[in-house]
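This report refers to the structure that appears directly beneath it.
Bear in mind that the values in this text are calculations on the coordinates, not laboratory data. Because the structure is a prediction, the values reported are computed rather than measured. Here Cβ is always computed from backbone atoms with ideal geometry, including for glycine, and neighbour counts include all displayed protein chains.
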Amino acid sequence: MTAFAGQKVGLVGPNGSGKSAIFRVITNEEQPDGGGVVLEKDLVVGYFSQDVGEMAGRTAVRETMAGAGEVATFGEELAELEAAMSDPERGDELEALVDRFGVVQARFDDLDGYSLEARAREILAGLSFSSQQMDACVETLSGGWKMRVALARILLMKPDILLLDEPTNHLDIESIIWLEGFLRNFAGALIVTSHDRSFLNRLVTHIVEINAGELTSFTGNYDFYLQQRELFDKQADAQFARQQAMLAKEKAFIERFKARASHAAQVQSREKKLEKIDLVQPPRREKAMEFTFDTPPRSGEDVAKLEAVDKSYGDLEIYKDFNILLRRGERWCVMGINGAGKSTLLKLIAGITSADSGKVTVGPSVKMGYFAQHAMELLDPSMSLFETLENAFPRASQGSLRSLAGAFGFSGDSVEKPCSVLSGGEKARLVLARMLYNPPNFLVLDEPTNHLDMATKEMLVKALAKFEGTMLFVSHDREFLAALSNRVLELEDHDVRRYEGGYLEYVEQVGYEAPGVG
């Protein structure tokens, strides 16, 4: 695999194929078993991973600046030199300090250090930080917001090569769209992994597929890669079939004539020929996951209603005299910038939080399934994955539960893993599997794809497209929004706008992909 300045490479492959390991080899965190990594001399590498490390003792903006590499180091030295030059006890060092200050200041200026804070704030704003959040202590931030700080640090570095491992996982749609624009203008080489199909399609110019330890390069975006991969697989299937037919014919001849002395030379010749043949292997394919809903019980026409609802958190007013009616078969996606009240709406309908005034009503024949990130924290860590499903559905057969687990990417011994060691993506899949096995007729989903890989998302979208109930959901995944919505609710500055048609019709009508993105 090679990456040149200006090239934007998407690294794809099934879970466990070694995508993150490639990044660790490039950054010298791991050593390859064979071969090597060649980097140009003095090349600066910026690497963003899901392991953000400890952050404390600084504001978010200062933490961002501190990770900016060489320019941050020179900035810190400048501050130390300024303090030393004003220290009367170090007067005998003044000439040396002034000389060093001149050298450091020149290098700091070359690296555009005097605009460092302004650039840090611009990047943090692009990642949806408010001014208050930028100047707040970083240890007060949640894990997802700390992840954004870690990403901002890498972007501020201006490295020669940028390695991004799932940078969109904890971002909202506005931040993802901003990041796409930032990276399109990035002058260095970019290698990125992502489960966001739209992100890859809009950004990358090359795809490198890793599968069973082999790397295969494709020119183009992700959708073009899929077309090429399908074409290559068909060609490989045909080549494999031709060789198998030839082998069968040769073996049949050998079997038929091996006992005849008159054909001994021909039999021997064909046996030697078969020994020298390089066998064509059938293309390696990930087994497609499939999940089919049972038909949920039919709900009444009025599924959920909010009437004159007020909701505030302290001095922050979220809703004032808010009204909405959700009817059977509608699939509402909720759009809005951070703080607009998207998750609050879902919590009100799910009964997780209460309105300050007004009325929230869920229809009497409605069976609700509510997915939110906190649901993953409620898994019993002492139970195995399979025990969790058995506990939820004690009357279900072992076979049906194993089929359910398989549909959500758990097979073989993986079903025996305790919940305490599951990754975020595995926990999300388990919670969704448990919720959808005995399907509700009203799904309330808050960022259901946050931790899902591309294969699981595709399976979930296909399954939900056939769902015969009502949906209300928040998602930053544009493929998910486009495939499943038939109504859009936009929340902005206490204003509520309703749009007939799905997400794509909404984008066409309003002229932007999300509120806050002009």
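For K457, a cut-off of 18 angstrom between C-alpha atoms picks up these lysines, skipping any fewer than 8 places away in its own chain: K287, K427, K466.
Could you pull out which residues in the range 140-164 have an amide N less than 17 Å from a spot 7 Å beyond the Cα of A56, following the Cα-Cβ vector? Residues 140-143, 146-147 fall inside that zone. Residue exposure proxy: V517, V415, ordered by other Cβ atoms within 10 angstrom of their Cβ from fewest to most, comes out as V517, V415. Once backbone amide H atoms are built at 1.01 Å from N, F322 has A308, V309, D310 as its partners under 5 Å, excluding neighbours fewer than 5 places away on the same chain. Per q in 0.19, 0.24, 0.25 1/Å, what log10 I(q)/I(0) does a Debye calculation on the alpha-carbon atoms of the range 225-276 return? Relative scattering, expressed as log10 I(q)/I(0), comes to -0.66, -0.85, -0.88. Using R0 = 56 Å, the C-beta based FRET efficiency linking Q132 and K234 works out to 0.50.
Counting only lysines at least 8 places from K258 when in the same chain, those with an alpha carbon closer than 30 Å to its own are K249, K272, K273, K276. Here is the list for the range 371-431: trypsin sites (Lys or Arg not before Pro) lying in DSSP coil, each with at most 15 other C-beta atoms within 10 angstrom of its C-beta, are R395. At an R0 of 45 angstrom, the distance between the Cβ atoms of D321 and T140 translates into a FRET efficiency of 0.85. Peptide packing: for 471-477, 486-492, the average count of neighbouring Cβ atoms within 10 Å per residue gives the ranking 471-477, 486-492, highest mean first. Per-residue extension of 0.36 nm, minus the Cα-Cα distance of K41 and D310, leaves a gain of 90.8 nm for this segment.
Report summary: the helix-based calculation at 222 nm, which adds -39500 (n - 2.57) for every DSSP H run with n ≥ 4 and divides by the residues of the chain, gives -13000 deg cm²/dmol. Taking a straight line from the alpha carbon of K347, these lysines sit under 17 Å away, with near neighbours fewer than eight places off in the same chain left out: K305, K311, K320, K359, K367. Take the convex hull of the alpha carbons in the range 273-398; its mean projected area over all directions comes to 15.6 nm². Put in line by how crowded their Cβ is, counting other Cβ atoms within 10 Å and starting with the fewest, K41, K359, K462, K311 read K41, K359, K462, K311.
Is the range 54-158 best put as rounded, prolate or oblate by its Cα gyration tensor, with a ≥ b ≥ c the root eigenvalues, rounded for a/c under 1.5, and otherwise prolate when a/b is larger than b/c, oblate when not? The shape class here is prolate.
Taken over the range 302-510, the ratio of Cα radius of gyration to 2.2 N^0.38 Å equals 1.06. Put in line by how crowded their Cβ is, counting other Cβ atoms within 10 Å and starting with the fewest, S49, S365, S382 read S382, S365, S49. For the chain, the spread of Cα positions along the three principal axes, ordered from largest to smallest, is 107, 75, 48 Å. Computed from the C-beta positions of N486 and L94, the FRET efficiency with R₀ = 60 Å rounds to 0.25.
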